[in-house]
Every structure is written in C-alpha cells, then in structure tokens.
Amino acid sequence: MKHTAQEIIAQYGPAYFGRMGASISHDIKNCLAIMNENAGLMSDHLMMAQKGVPPDIDRFSGIVQRIEKQITRADDIVKSFNKFSHSMDKPEQQLDLDEAVGLALNLGARIIANKSITVTHTRAADKLYVNGSFFFLLFLIWSILEKITENLASGTVLNISSMEDENKQVCLSFQCEQPFASDFGLQSSDQALDLFQAKIVLDDQHNRVDLIFGN
Amino acid sequence: MHILLVDDEKELVSTLAERLGYRGIDAHWAATPNDAISMLSNQRYDIAVLDVQMPDMNGFELKEQMEVICPELKFIFMTGHGSEECYYEGCSHTGEAFYLVKPVEIDSLIEKLNKVMLDGGKR
C-alpha cells in the first residue's frame, strides 16, 4: 500500500522530531552549563580581586575564550535545528545529498557519541542531488544509521559516502569493517523509500548498505 | 571532603572543580568513565558527582563499577537531560535530593554535597 507524504509525517515525524529535539536540547544544556560555570569562575576571580588578589589578565582571557567557544557551539547546534525545523516546509525540492548527510549527523551527534561509534562522511567530488522532501531524506538517512548502529561494538568506525554508481544512479553507501544486522527491514523507512523511488541493497558480508535513489 | 566529578564535557568539570577548590573543597575531575575508575583505584574519594549520559558507559553503570572499587563512596547525579524517565531513574539510584539538572548552581551543588556527607545518601 502506498503512503502519502502527509501520512508518513503524521505517523513517524513526531517521533523523529522528538528524538532529535531531546538530543539537541541536551547538547545546548551542556553549552549553557559550561558558560554558567565560566561566568561563575569570572565572578569568583572578581571577588578575589576585590579582596586584594591581583587580577590575572591571562586567566580572564582564557575564561572569555571558553565562553565564546560555547556560544559558537550552541549557535551551530541551533542553526542545525532551525534547518531541521524548516525541512518540512516544502513537500518536494532538489536536495544536496551530502548536505543532508551532514545535517543528519549533526542532529544525531550526541546519540552517535553515546554509542561510542565514530561516523565519518566522505563527500562526492561533485554535488549530487535527489528530488523529494528534505525531512524524509533526513529521516531515511537517520533510520538506516540507527538500524546499522543498533548492534555495532563500541569503537567501530562507520563511513558514509555519496557517489554515482555504475548505472549513474545517486547512491549513499554505509560501510564498516564489522557486519551489522542481517535483518534490514525498516517499516518506517520503507515508506520513505517509496517517496524517493529508492531501494536499500545489503551486501553479502552484511557490512555495507547502499541506499540507491531512483529519483 | 574529597570529590570526584565525572562528565564528558571536560570544560564543565574542570571549571567546576576549580570553583569548588576556591570554596575549600578538594575536587578532582575525569572526562571519561575509564579515567574515573582509574582515579578511584588510586585515591580515596567521599563523593562522586556523575553525569548521566556519557559515551562508553552511562552514569548509572559507572556508579555500579565504582561501588565495587569503593563500597562506601556516595553519589550525586547531574544531567542535561530533562526527561521524566531520566529523572525517575536518577532518583531511584540516589534519591531525589541528590539529583541535579544542568546548569548546576554551585551553591546548590555544595548544599547537596554537604547533605550527602551528613545523610549518607540513598544507597
């Protein structure tokens, strides 16, 4: 049975959005916590200065740099989340595949880090585009990534690379040295796959999955 | 009072340790659970303040390993994760009084450290 974009969003959108939102808010909390401690440290030094301890300019400079670093980090996180929030704006558009991979990885960075898995991203030499919904593309990439990393051992490196295959079809390849789950049925992704006229191909060794776009 | 702070956000725990030091509390920090276990094997601590979500091992799993090394060690959890599920899990390990949500106010952390030392905390 074919599902419309609206049906899939209604069914799976809130869960994906909620999961990413929780992860991102956790990271922003960490940025705020670091800024809070550094502001507190500066306040401690000011109090010491008021009591006659000569202020250490280098120390202040270091504290300011740490706060600035966290502001940049939080700003990057919020920018990613803003882009994600707008990913549902258009039902179909031309999408830069590597940009989508980068955003999906940024959004789920904390979840991936907690699994102690390293994900690398090798971009195609030339930009590769697919047509469809940005939200579904992010959802599809994340669903595959979550499925692959479900049973991967800590310390595993997974590479995602974009390319054009021998049939000139745009392809996203997920590959690691260790085999991953042999059952690759993704009910949620199957429906998003339909929308991109895409298919998932798992190799015999079960350590590589290709997402091949027909659209 | 000897405190071990553990959080994968190195800049958070190092700054917190420095600020506690200015208040007369001997605080050390580790940015990975493995470093924390190694430090606990070499030095005595009264209280461990653990982040809940860390790569490799979460704070609750780390608590179990630390208790094997130092059964009398007491715990406080801190988290940036505001979910109810996480809150109740944290409370079940330490009691509501010893669970902090980031950003942590240093005065409330010190208050909880003193309370854990007096009450012993829920084990």
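A short reminder: the numbers here are calculations on the coordinates, not readings from a lab. Since we're looking at a predicted model, the values are computed, not measured. Note that we place each Cβ from the backbone using ideal geometry, even for glycine, and neighbour counts take in every protein chain shown.
Rundown of residues vs (1) among the acidic types (Asp, Glu); (2) within 30 Å of the chain's Cα centre (by Cα); (3) within 14 Å of another protein chain (Cβ to nearest Cβ), yes/no style:
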position: A:Gly40; (1), (2), (3): no, no, yes
position: A:Leu46; (1), (2), (3): no, no, yes
position: A:Ile57; (1), (2), (3): no, no, no
position: A:Asp75; (1), (2), (3): yes, yes, no
position: A:Phe81; (1), (2), (3): no, yes, no
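Restricting attention to region A:59-73, the residues being more than 18 Å from B:Tyr22 (Cβ to Cβ), loosely packed, with under 15 Cβ neighbours inside 10 Å and either away from every other protein chain (no Cβ under 11 Å) or not polar (S, T, N, Q) (or both) number 5. When region B:50-78 is limited to residues that are aliphatic (A, V, I, L, M) and within 14 Å of another protein chain (Cβ to nearest Cβ), the one that is farthest from the chain's Cα centre (by Cα) turns out to be B:Met57. If you go through region B:14-49 and keep only what is touching a residue at least 24 places away in the same chain (Cβ under 8 Å) and at the interface with another protein chain (Cβ under 9 Å from one of its Cβ atoms), you end up with B:Leu16, B:Arg19, B:Arg23. Between A:Ala124, A:Ala113, the distinction of being aliphatic (A, V, I, L, M), out of contact with any Gly (no Cβ under 9 Å at 6 or more places or on another chain) and within 14 Å of chain B (Cβ to nearest Cβ) belongs to A:Ala113 only. Which number in (1) part of a helix (DSSP H, G or I); (2) surrounded by fewer than 16 Cβ atoms within 10 Å (Cβ to Cβ); (3) touching a helix residue (DSSP H, G or I) at 6+ places or on another chain (Cβ under 7 Å); (4) more than 14 Å from chain B (Cβ to nearest Cβ) marks the one condition that A:Ala100 misses? All conditions are met except number (2). For region A:8-31, the count of residues that are touching a Ser or Thr at 6+ places or on another chain (Cβ under 7 Å), surrounded by 13 or more Cβ atoms within 10 Å (Cβ to Cβ), away from every other protein chain (no Cβ under 13 Å) and assigned to a helix (DSSP H, G or I) is nonzero. Apart from one condition, B:Val68 fits all of (1) in a helix (DSSP H, G or I); (2) in contact (Cβ under 8 Å) with a residue 12 or more places away in the chain; the exception is (2).
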